[in-house]
Every structure is written in structure tokens, then in C-alpha cells.
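Report on one structure; see the data block that follows.
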Amino acid sequence: MDLHTFVDRLDDRLDTDAYADVDASANGLQVGPGGEGTDADATVDHVAFAVDAATTTIEDAAEAGADVLVTHHGVSWGGIDHVTGRTYDRIAALVENDVALYVSHLPLDGHQELGNAAGVADAIGLSDREPFGTIGPVTIGTIGETREPLPASAIRERLEGFDGNEADGAVRAMEFGPDRIERVAIVTGSGTDWLDEAVEAGADALITGEGKQQAYHDAREAGITVFLAGHYATETFGVRSVRSLTNEWGLETTYLSHPTGL
């Protein structure tokens, strides 16, 4: 497949343009041939997928023989002023190994079918889902209902099964909500800023990756349970869903698991 066809398909499927004005990440093709004077014949046969674009995942993608690495977290946040240090190392690894980098940050958080929050909702077993987590004109999460009222321990057990949550105590819970949870809001990564929106939406619990100090008091005073299930662990779902989509296009794929424990 032509590289630009691959990029256009992902941009269209993930609605990348809708997030352009609200996301610090430069979504889409971050590193690779594109524009006048570049290799218009670049092709894609093998795609690697990882949560983070780091030197280790780039090198692993190259070792696997990938033409493109698709990640949730890229190398450009609000532009690159100086290509030095770690930024240089990562870009150099991409260029030297002839691996393009495609990034989808907030678009892959908010996609209601392929996104990170959608994947968490699938794992928890939520139904009657709708977009949640407003940021400007878009959303980055989802909210839905459990199939039956669940104790916090049951939800926590499911979260502990996520890739990256193998260590004891990887999932933390602030259990200030009702004894039985029925309505759950999800914003993956760092999502406690949407706690008030979850309360307003009638959620019994909010699932996110990591929290802030103030979230404890906010959750306690609002009477809502907050699960902190790991930034990495809650954000593996999007890239794995896009991997499945890419398989349908007839491309070879590799998933690179590099849990951070955070």
C-alpha cells in the first residue's frame, strides 16, 4: 500500500482533522516522506504499533521490519523548536531505520469504536454508551451502563487484567461512590479533570489512568468512585484496535508491548 494512502485512510477513519485545534500532539504522519521533493513511491507492507514513540519502540519496530510505527504518544507536542537530545535520538532512529511515524493522540482517545475509552468500556462490559469527556468541540471518552450493578472490587479485578497492570497494586481506587456501580465514565490517561463532568452525567464511577492530589477530595465530596488503572494500561486499546483494522487491509502487523508501570 502507498504510504500516503495508508495515512489518508487512518486520518479519515480516526477523524484526525476534528481534533487539530484542541490537541497539542501533531497527529497524523509526524515523521516520514511527504510533500514536494520527497519519495512519493514510499510503500507500506508492515506496520508496528505501540503506545509510545520512544527509542526502544522505534528500534523494535525496525528490527521487526516495519515500514511505519503507529503510536498514541508521538515525538511532537506543540511543535519542535530544536532537534536535540532525546528528540534527536528518536527522530534519528526513525530516519536511519527508514521507519515512518504515524501518531493519533486525542483522536484515538475519543473514537467511539476504535478508541482507548471504547476499549476499556468493552473490557468492563458497558452498554448504552455515548461520548463523554468534553474538550472544545470534541470528546475524548465514553460513558455507559454496566450490564448489572457491580461492586467496585469486580471492576477493579477487570482493570487489573489490562496489559501493564501485572504488578500488585497497579490499580488504585478511591471508593467514595455507591456500593453497587451501574454508570461508568471513562477518560483514559490522565482524566481526573473530567470528574465534575462525570458527576453531572450521573456516573457512579470514573475510570482513568492516573490522578492528581485534588482528585481525592473532589471524589470524596462528590460521592463518586475513581479508579486509577494506569496511564499506559488504559491506552493500549486504541493502537491494538487500529492494528486489527490494518490487518483487514492486508498488511502485516506487529504489536510492541512496553509497559511503563505508570
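The values are calculated or read from the model by the stated rules, or taken from the named source; none is laboratory data. Predicted model only: the values in this text are computed from it and were never measured. Cβ atoms come from the backbone with ideal geometry, glycine included; neighbour counts cover every protein chain shown. Heavy atoms of the whole protein, side chains included, go into the accessibility calculation; ligands, DNA and RNA do not. Shrake-Rupley method; radii C 1.70, N 1.55, O 1.52, S 1.80 Å.
How many residues does segment 192-213 contain that are touching a Gly at 6+ places or on another chain (Cβ under 7 Å) and among the small types (Gly, Ala, Ser)? So the count comes out to 2.
Which one is farthest from VAL199 (Cα to Cα), of the residues in segment 134-165 that are among the aliphatic types (A, V, I, L, M) and either within 22 Å of the chain's Cα centre (by Cα) or assigned to a strand (DSSP E or B) (or both)? Per the stated criteria, the residue is LEU159. Selection of first residues in segment 54-65 that are in contact (Cβ under 8 Å) with a residue 40 or more places away in the chain and of second residues that are part of a helix (DSSP H, G or I) and polar (S, T, N, Q), restricted to Cβ pairs under 8 Å at least 6 apart or on distinct chains, gives an empty result.
This table checks each residue for (1) open to solvent by less than 20 Å² (accessible area, probe 1.4 Å); (2) touching a helix residue (DSSP H, G or I) at 6+ places or on another chain (Cβ under 8 Å); (3) closer than 29 Å to GLY261 by Cα.
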position	(1), (2), (3)
ASP8	no, no, no
VAL51	yes, yes, yes
GLY65	no, no, yes
GLY78	no, no, yes
TYR88	no, no, yes
LEU94	yes, yes, yes
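Of the residues making up segment 166-180, those that are part of a strand (DSSP E or B) and crowded, with 18+ Cβ neighbours inside 10 Å are ALA173, MET174. Among the residues examined, THR225 does not qualify as within 19 Å of THR134 (Cα to Cα) and either acidic (Asp, Glu) or in contact with an Asp or Glu (Cβ under 8 Å, 6 or more places away or on another chain) (or both).
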